[in-house]
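One structure is given here, and the rest of the page talks about it.
The values are calculated or read from the model by the stated rules, or taken from the named source; none is laboratory data. Everything numeric here is computed off the predicted structure, so don't read it as measured data. Cβ sites come from the backbone with ideal geometry, for glycine too, and all protein chains shown count toward neighbours.
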Amino acid sequence: MRWSQLHIPTLREDPADAEVASHRLLLRAGFIRQLMAGHYSMLPLGMRVRAKIIDIIRAEMNAIGGQEFLLPCMHPAEIWERSGRLGTVDVMFRLKDRKGADMVLGFTHEEIFTTVAAELASYRELPQFWYQFQTKFRDEARPKSGLLRVREFTMKDSYSFDLDDAGLDKSFDAHRAAYERIFARLGIPAFAAEASNGTMGGKDSLEFVCPAQAGEDLVATCPNCGYAANLERATSALPDVEDQRGPAAPARLDTPGVRTIEDLATDYGLAAGRQIKTLVQVINGQLTLVLLRGDHQLQDQKLIDAIGVSDIRPARPDEIRAALGALPGSLGAVGVTDLPVIADFALRGRRDMATGANTDDVHLTGVDVARDIQIGTWADLRAVTAGEPCPRCGTPLQLTRVIEVGHIFKLGRKFTTALGVTVLGPDGSAIVPIMGSYGIGVERAMAVIAEVHHDDAGLVWPVQVAPFEVTVVPLSAKDHAVVTTAESIYAELRAAGIEVVIDDRDERPGVKFKDAELTGIPVRVSVGSRDLADGVVDVVGRASQEKERVPVDQVVKHVQSLLATLRR
RNA sequence: CGGGAUGUAGCGCAGCUUGGUUAGCGCGCCUGCUUUGGGAGCAGGAGGGCGCGGGUUCGAAUCCCGCCAUCCCGACCA
């Protein structure tokens, strides 16, 4: 291809609205343009990278037996009604057609693939791996960071249908292995972390995450045994606490002006770890007390996962006072029998603790959790913090900021049951297939590659996903020898099957060099009159910036071996 | 959805406090000449009516009211 005829609108200055590196560079280098918040147009260079990412994912999906489909992105709302996700997922875009029929834009495709699976008839057909590359629409509360969080994007989503749990495990493991190969080939240093299933339901899920400053999630990782879990799922092995027995009954402690755990600790010598934190949440409209150790933070997703309800909000002060007779700062669960109480495991067996007395400016001490509080549900509710012992091996955990690039779920039979999918088993009885679902955000993957592979001069694409492998740069558009040599090198590289672009613009060398670096093309062949006098050209690696003088008649061979090295 | 910021040419910005001739600068773009080994120089030129809608005023990019959009933080999120 000829640069002069490609639409590559590079910018000399950083775009004002782009903060994170991938956003800034993809805009500057002319790969994408924004239409509105969370919706981006993919320009020719962006399309080439996207196509390569898709090719790699497709190859790995096919390698594990995946069959490619393409399902509609617009669906009748009725199908989502049947699975119970219609009114409950707030990122779902909804619309009506001219007849007034309710439609939705798919934010995922479990339901729709399941309608296709209704034609599966026999156990002999299972397992099935089905996948597609399809646009997803998600009405994000806050799109941000360029392609990292958008409202419209391409997802590779796949779905497995198996006869039983053992089959699902196999399908899941096959996808896990495929994902590891995919991210390795894409140049994304991702690893798997345990995660919450969120609105997908099901029991197990793994996120593939890539460490990055622009990340929105935190994962806890163990440097020793490899334990890794999203903070919304991570646990740690807290040391057991042996409390003294304490008094026979809680004692009243007047604490005028005390509103926080910290105040109580500093003013009355009651360490935060010996306090009970009482939070009031409204769960499905029901006021509920949530108890944690004073020095622990509630992890919201854990609470949602523990009770299986996502309709949760903190109670308002007026609701709290009406129910408990005090304001936050003096709340406690001692003697509360008319409200559900959920407590974190770390409070189990604790004695001689301090908590609010449900009277403003009064606390209780000497509280024995088992004796004095009626706890309905025990759960893991607290957020792990850095340095706590790994739940598997005890090594201090690290917290790492990451971007989620893939997520694989063991779904169970939620969707096949809801949509009535069965196959006949060997004995003639109906079997409900068990599902898994597996997703990779294509443009997010592109942005993550850019996050990981760039420098001060611009993008540095790994060869496998680069928009072009080589750019040939004639340093003059007028010097006959330079132009004809560059053109013949360009033709030879093309003939050798290398993806090459020739920068045939009538621009000064500096402009071409800057653009070559900004766009991140892995290899540059510079043809100038000075070197040509010696019969050589410059071959420069984008990542290494190493320059080699190569005789004109050996350029193709040299470039081929350089590309092979870069591919590794 | 709460908090903060910003909307002036394709991009980056100034002008607004203290309303006043044809709204300005840099980059980019077009033409010509000279240049051409790291974002060239000179000359000439095109392009916006200041996010949108009202209002105040003799007069509004500048003041007032409402709305919209974009970015950042938080809440939320597959």
ask   = Tell me, which residue of the stretch A:29-44 that is hydrophobic (A, V, I, L, M, F, W, C) and within 17 Å of A:Thr154 (Cβ to Cβ) is farthest from RNA strand B (Cβ to nearest atom)?
value = A:Met42
key: Inter-residue pairs, beta-carbon under 6 Å, first under 19 Å from A:Arg382 (Cβ atoms) and in the stretch A:299-323, second within 10 Å of RNA strand B (Cβ to nearest atom) and modelled with pLDDT under 80, 6+ apart   = A:Ile304/A:Ser310
inquiry  = For the condition small (Gly, Ala, Ser), away from RNA strand B (no atom under 12 Å from the Cβ) and surrounded by 12 or more Cβ atoms within 10 Å (Cβ to Cβ), what is the one hit in A:Ala101, A:Ala118?
reply    = A:Ala118
query = Residues in the stretch A:263-312 that are farther than 26 Å from A:Asp368 by Cβ and among the charged types (D, E, K, R): how many?
reply = 3
inquiry  = Looking at the stretch A:368-389, can you tell me whether even one residue there is within 22 Å of A:Leu264 (Cβ to Cβ), free of Cβ contacts under 8 Å to residues at least 60 places away in the same chain and basic (Lys, Arg)?
reply    = yes
message = For a quick check of your reading: which helices (runs of 4 or more DSSP H) sit entirely within the stretch A:463-568 and have at least 2 residues that are modelled with pLDDT of 95 or more and either buried (at least 20 other Cβ atoms within 10 Å of the Cβ) or under 33 Å from the mean Cα position of the chain (by Cα) (or both)?
response = A:480-495, A:509-519, A:555-567
Residues of the stretch A:12-48 satisfying the condition of being at pLDDT below 95, of a type in the set (A, V, I, L, M, F, W, C) and surrounded by fewer than 16 Cβ atoms within 10 Å (Cβ to Cβ) = A:Ala16, A:Leu35, A:Met36, A:Ala37
request  = Using the structure shown, decide if A:Gly87 is surrounded by fewer than 16 Cβ atoms within 10 Å (Cβ to Cβ) and either within 14 Å of RNA strand B (Cβ to nearest atom) or part of a strand (DSSP E or B) (or both).
outcome  = yes
key: Residue list for the stretch A:80-115, filter: among the charged types (D, E, K, R) and either in contact (Cβ under 8 Å) with a residue 40 or more places away in the chain or closer than 18 Å to A:Phe153 by Cβ (or both)   = A:Arg82, A:Arg85, A:Asp90, A:Glu110, A:Glu111
key: Only one of A:Ala184, A:Ala178 that is more than 16 Å from RNA strand B (Cβ to nearest atom), free of Cβ contacts under 8 Å to residues at least 12 places away in the same chain and part of a helix (DSSP H, G or I)   = A:Ala184
query = Within the stretch A:490-513, how many residues are of a type in the set (A, V, I, L, M), touching a strand residue (DSSP E or B) at 6+ places or on another chain (Cβ under 8 Å) and within 15 Å of A:Gly528 (Cβ to Cβ)?
reply = 1
key: Residue selected from the stretch A:187-218 under the condition in a strand (DSSP E or B), within 12 Å of RNA strand B (Cβ to nearest atom) and among the charged types (D, E, K, R), by the criterion modelled with the highest pLDDT   = A:Glu207
Selection within the stretch A:1-28 - touching a Ser or Thr at 6+ places or on another chain (Cβ under 9 Å), more than 9 Å from RNA strand B (Cβ to nearest atom) and not polar (S, T, N, Q) = A:Trp3, A:Ile8
message = Against the conditions (1) surrounded by fewer than 13 Cβ atoms within 10 Å (Cβ to Cβ); (2) part of a loop (DSSP other than H, G, I, E, B); (3) away from RNA strand B (no atom under 16 Å from the Cβ), where does A:Arg124 fall short? Just the number, please.
response = (2)
Residue within the stretch A:152-161 that is surrounded by fewer than 18 Cβ atoms within 10 Å (Cβ to Cβ), among the polar types (S, T, N, Q) and more than 16 Å from RNA strand B (Cβ to nearest atom) present = no
